[in-house]
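The values are calculated or read from the model by the stated rules, or taken from the named source; none is laboratory data. From a predicted model like this one, the values you see are computed outputs, not experimental measurements. All Cβ positions, even for glycine, are placed from backbone atoms using ideal geometry, and neighbour counts span all protein chains on display.
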Amino acid sequence: MFRKLLASAVLVGVAASVAAASAFADFSGKWSLNIGTPDQARTAVLTIEQKGDSVSGTTESELGVAPVKGVVKGDSLFFGFALDMGGQQIVINGAAALKDKDNLEGALDVSGMGGFPFTGARQK
């Protein structure tokens, strides 16, 4: 009887570990972003490498290239990076949620300039 209870407890623990490992949405890959700004729409490419709930990568736009760090919580991505704009560092924090496996939407909070909505599509 004890062995059956122990085996059941081990199986429940393994199942919980598997469920926890897959509790994060997959944001890995290259994303084409369309960013809404007051003057005109901007584009960028966000490249993400994901390990569990941690992400790292780069963002590339007409403003430059910057390293990105962040975290995944459920189907949401929270990330940040900084760009050098004429000797002044601009900090940008983003939040996005998956609409489906290949599309996301979110907002960028640009220090001193406010928030800007964006959409993204995973490049194939």
- Of all residues in region 76-90 being at pLDDT below 95 and of a type outside the set (Gly, Ala, Ser), which is farthest from the chain's Cα centre (by Cα)? 88
- Query: Can you tell me which of 124, 99 is assigned to a loop (DSSP other than H, G, I, E, B) and either touching a strand residue (DSSP E or B) at 6+ places or on another chain (Cβ under 9 Å) or among the basic types (Lys, Arg) (or both)?
  - Reply: 124
- Message: Give all pairs with beta carbons closer than 6 Å in which a residue from region 82-111 that is closer than 13 Å to residue 70 by Cα meets a residue that is surrounded by 12 or more Cβ atoms within 10 Å (Cβ to Cβ) and charged (D, E, K, R); count only pairs at least 6 apart in sequence or on separate chains.
- Response: 93/109
- Leading residue by the ranking (farthest from residue 81 (Cα to Cα)) among those in region 102-121 that are among the charged types (D, E, K, R) and part of a strand (DSSP E or B): 105
- Message: Going residue by residue through region 11-31, is there one that turns out to be surrounded by fewer than 14 Cβ atoms within 10 Å (Cβ to Cβ), modelled with pLDDT of 55 or more, among the charged types (D, E, K, R) and part of a strand (DSSP E or B)?
- Response: no
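Mind listing whichever residues of region 33-44 are farther than 18 Å from residue 95 by Cβ and part of a strand (DSSP E or B)?
Correct list: 43 only.
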- Task: For region 81-94, name all the residues that are surrounded by fewer than 18 Cβ atoms within 10 Å (Cβ to Cβ), hydrophobic (A, V, I, L, M, F, W, C) and under 18 Å from residue 56 (Cα atoms).
- Result: 82, 83, 91
- Selection count where residues are surrounded by 14 or more Cβ atoms within 10 Å (Cβ to Cβ), outside any strand (DSSP E or B) and under 15 Å from the mean Cα position of the chain (by Cα), scope region 60-75: 1
- Note on the structure: Filtering region 46-59 down to residues that are loosely packed, with under 15 Cβ neighbours inside 10 Å, assigned to a strand (DSSP E or B) and touching a residue at least 12 places away in the same chain (Cβ under 8 Å) yields 49, 54, 56
